[in-house]
Amino acid sequence: LGAGIADGLEYGDNAKAALMTRGLVEMIRLGEKLGANPATFHGLSGVGDLIATCCSVHSRNRRCGVLIGKGVRAKDAVERMGAVVEGVYTCEAAYDLAKKLDVEMPITEAIHAVIHGETDPKSAVHMLMTRSKKSENPQESEGGDE
C-alpha cells in the first residue's frame, strides 16, 4: 500500500526504495520481537515478496495504494479494486501487534492513519520524513527510529 501511495503521489523510485528499505527494517523488528530469525526476511518470503508487492503492476496492494495516493479515500479505493486487498488487513494486524508488543513501526502507523482517514498521504509522508535520524542498521539503533 505504501509503495503504491508513493507512486500515486508521484514521488519517484528513490522515495519508493527508501520506503521499502525502511519497511523491511520494520518487518524485521516485529519479527525479531516474535522470535523470528532476521535472516528469514532477507530471502524470497521477505525481501522477495516485498519487491514484488511494491513494484509489480499486478499487485493489488500497490494498485490500491496508487488510488489512495491520487486522493481516493481508502475505503473507496478498496471497493474500486473489486478484489481482496490483503494489505489493508495486514496493516491493521501489524499495527495492533506492534502496539501490543511495544514495537516501533512508524511506516505501519502512517499507513494505518491514512487507511482510517486520520491523515492524508502527503501529511503522513511529511511526518515520516521529519522524524529524527538514526542508524540505517537496525542492530545499531537498538529498535531505533525510522
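Using 0.36 nm per residue of separation minus the Cα-Cα distance, give me the extension gain between residue 70 and residue 83 in nm, one decimal.
Additional length available on full extension: 2.8 nm.
Could you work out the relative contact order of segment 33-138? I mean the mean sequence separation of Cα pairs under 8 Å and 6+ apart, divided by the number of residues, in percent.
Numbers: 65 pairs, mean separation 19.3, N = 106.
RCO, segment 33-138: 18 percent.
Could you give the length gained by full extension between residue 15 and residue 52, i.e. 0.36 nm per residue of separation minus their alpha carbon distance, to one decimal place?
Details: separation 37, 0.36 × 37 = 13.32 nm, distance 1.65 nm.
This chain segment gains 11.7 nm when fully extended.
Please calculate how many Å² of accessible area segment 8-63 carries per residue, with a 1.4 Å probe and no DNA, RNA or ligand atoms counted. Could the numbers behind the result be given before it?
Numbers: 3170 Å² over 56 residues.
Here the per-residue accessible area is 57 Å².
Counting only pairs 8 or more residues apart or on different chains, how many lysine pairs in the chain have their Cα atoms under 20 Å apart?
Total qualifying Lys-Lys pairs in the chain comes to 10.
Give the residues of segment 103-118 whose amide nitrogen is closer than 18 Å to a point set 7 Å from the Cα of residue 132 in the direction of its Cβ.
Only 103-107 fall inside the zone, counting backbone N under 18 Å.
What part of the accessible area of the chain, given as a whole %, is carbon or sulfur when the probe is 1.4 angstrom? Don't jump to the answer; show the numbers that get you there.
Numbers: 4580 of 8240 Å².
Here it works out to 56 percent.
The values are calculated or read from the model by the stated rules, or taken from the named source; none is laboratory data. In this text, all values refer to a predicted model and were calculated from it rather than measured experimentally. Cβ coordinates were reconstructed from backbone atoms using ideal geometry, including for glycine residues, and neighbour counts include every protein chain displayed. All accessible areas refer to the heavy atoms of the entire protein, side chains included, with ligands and DNA or RNA removed. Shrake-Rupley method; radii C 1.70, N 1.55, O 1.52, S 1.80 Å.
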